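Since the structure comes first, as structure tokens, the remarks are kept for the end.
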Amino acid sequence: MVKVAIIGGSGLENPERVQHLESINVETPFGNPSSNFRVGKVGNVEVVVLSRHGRNHSTPPSQVNNRANIWAIKELGCTHILATTACGSLREEIKRGDIVILDQFIDFTKHRKNTFHEIFLHGEIKHTQMGDPFDHKLCEKLIQISDELNLSYHKKGTVITIEGPRFSTRAESNMFRSWGADVINMSIAPECILANEIGIPYAAIALSTDYDCWKTDETEVSWEEVLKVFNENVEKVIDLLMKTIPAI
């Protein structure tokens, strides 16, 4: 049976079009998840919705308990994860309001717990393959539905995840571009790593809200601008979720 976890990022803490039946709390060996889970349905598919930063966006990126979040999603019996995230564009062709179906990440975080395997017990050595970290079948579904909805989107993209909560310097932004990153955010890499470790197919919908600070003829990124652009385009992200989930 398919059961989909939606991890809502900035601007998508409470996706109202999911019909919530109940709210539940899950305890984990790693502490409390970012929020309670809202359990409902999209079509005939059961979904659970988690707010990455808390329902009131009170948890900064570096303080998100990713291990508790992913462990709880596994405990709830979820078979797939669809995550959303705001991101900054590092490419001219990725415009504000464009959607990017991520296919690679660069983890530039420094202080986060990014593995469940802090000790190898009983000689059981765990090294998770991460060559293609985003689930191919889920990404193909997102691409298919994006076409059907006639969205302005990009079929692939490499995200670099930084620690935050500060934004990049211009030197950093240009360095990330030279490394091959297409977009930048503060959340995807630890989350995606842990989903792979625990064996849950994971895909992410990234919504471009700004040009970070590399593009000197554009306004430098600010939180107010991120939220403004995300709110102007959030219905596209929700449409994509609502139509992809029954198609999984």
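All of the numbers you see were taken from the coordinates with simple rules; none came from a lab. Note that the coordinates shown come from a computational prediction; the quantities given were computed from them, not determined experimentally. Reconstructed Cβ throughout: ideal geometry from the backbone, glycine too, with neighbour counts over all protein chains shown.
Of the residues G199, G54, G131, which exhibits the maximal mean-square fluctuation in a Gaussian network model of the chain defined by a 10 Å Cα contact cut-off?
Maximum among the listed residues: G131.
Compute the distance in nm between two label points, each set 7 Å from the Cα along the Cα-to-Cβ direction, one at N150 and one at M242.
Going by the 7 Å Cα→Cβ label model, 1.8 nm.
Going Cα to Cα from K41, which aspartates and glutamates come in below 14 Å? Please leave out same-chain ones fewer than 8 positions away.
Straight-distance partners of K41: E16, E22.
Among I24, I188, I101, which one moves the most in a GNM of the chain with springs linking Cα atoms closer than 10 Å?
Among I24, I188, I101, the largest GNM mean-square fluctuation belongs to I24.
Quick one: the Cα spread of region 156-204 along its three principal axes, in angstroms, biggest first?
Answer, in whole Å and largest first: 37, 24, 14 Å.
Nearest 20 debye, what's the magnitude of the dipole of region 75-232 about its Cα centre given +1 on Lys and Arg Cβ and -1 on Asp and Glu Cβ?
200 debye
By the gyration tensor of its Cα atoms, with a ≥ b ≥ c the square roots of the eigenvalues, what is the shape of region 34-144: rounded for a/c under 1.5, prolate for a/b over b/c, or oblate?
rounded
Please give the contour-minus-distance gain from E93 to R55: 0.36 nm per residue of separation, less the Cα-Cα distance, rounded to one decimal in nm.
Gain on extension, E93 to R55, equals 10.4 nm.
Can you work out ³J(HN,Hα) from phi for every residue in region 153-164, in order, using Karplus 6.51 cos²θ - 1.76 cosθ + 1.60 and θ = phi - 60°, giving whole Hz and x for Gly and Pro?
In residue order, the calculated couplings are 8, 10, 5, 7, x, 9, 9, 9, 9, 9, 5, x Hz.
Could you derive backbone 3J(HN,Hα) for region 136-143 from the dihedral phi with the Karplus parameters 6.51, -1.76 and 1.60 (θ = phi - 60°), listing whole Hz in sequence and x where the residue is Gly or Pro?
4, 5, 5, 4, 4, 4, 5, 5
Looking only at Cα atoms, what is the convex hull volume of region 164-248 per residue, in Å³?
Taking only Cα atoms, region 164-248 has a hull volume of 121 Å³ per residue.
Let me know the Rg and Dmax you get for region 100-155 when you use only its Cα atoms, in Å.
Values for region 100-155 (Cα only, Rg and Dmax): 16.6, 52 Å.
With unit charges on the beta carbons (Lys and Arg positive, Asp and Glu negative) and the dipole taken about the Cα centre of the chain, which residue among V221, V64, I119 sits farthest to the positive side?
I119
Listed highest first by mean packing, meaning other Cβ atoms within 10 Å per residue, what order do 105-111, 234-240 come in?
234-240, 105-111
For L76 paired with R170, estimate the spin-label separation in nm (one decimal), with each label point 7 Å from Cα along the Cα-to-Cβ line.
About 4.3 nm, to one decimal.
Once phi is turned into θ = phi - 60°, what whole-Hz ³J(HN,Hα) does the Karplus curve with 6.51, -1.76 and 1.60 give for every residue of region 181-188, x standing for Gly and Pro?
Each residue's phi maps through the Karplus curve to give 6, 9, 9, 9, 8, 10, 9, 6 Hz.
Once you've got the GNM for the chain with C-alpha springs shorter than 10 Å, pick whichever of V26, V226, V47 has the biggest mean-square fluctuation.
Top of the fluctuation ranking is V26.
When the helices in the chain are scored as -39500 (n - 2.57) per DSSP H run of 4 or longer and the sum is shared across all residues, what 222 nm value do you end up with, to the nearest 500 deg cm²/dmol?
That comes out to -8500 deg cm²/dmol.
Which of rounded, prolate, oblate describes region 102-228, given a ≥ b ≥ c as roots of the alpha-carbon gyration tensor eigenvalues and a/c under 1.5 marking rounded, otherwise prolate only if a/b is larger than b/c?
oblate
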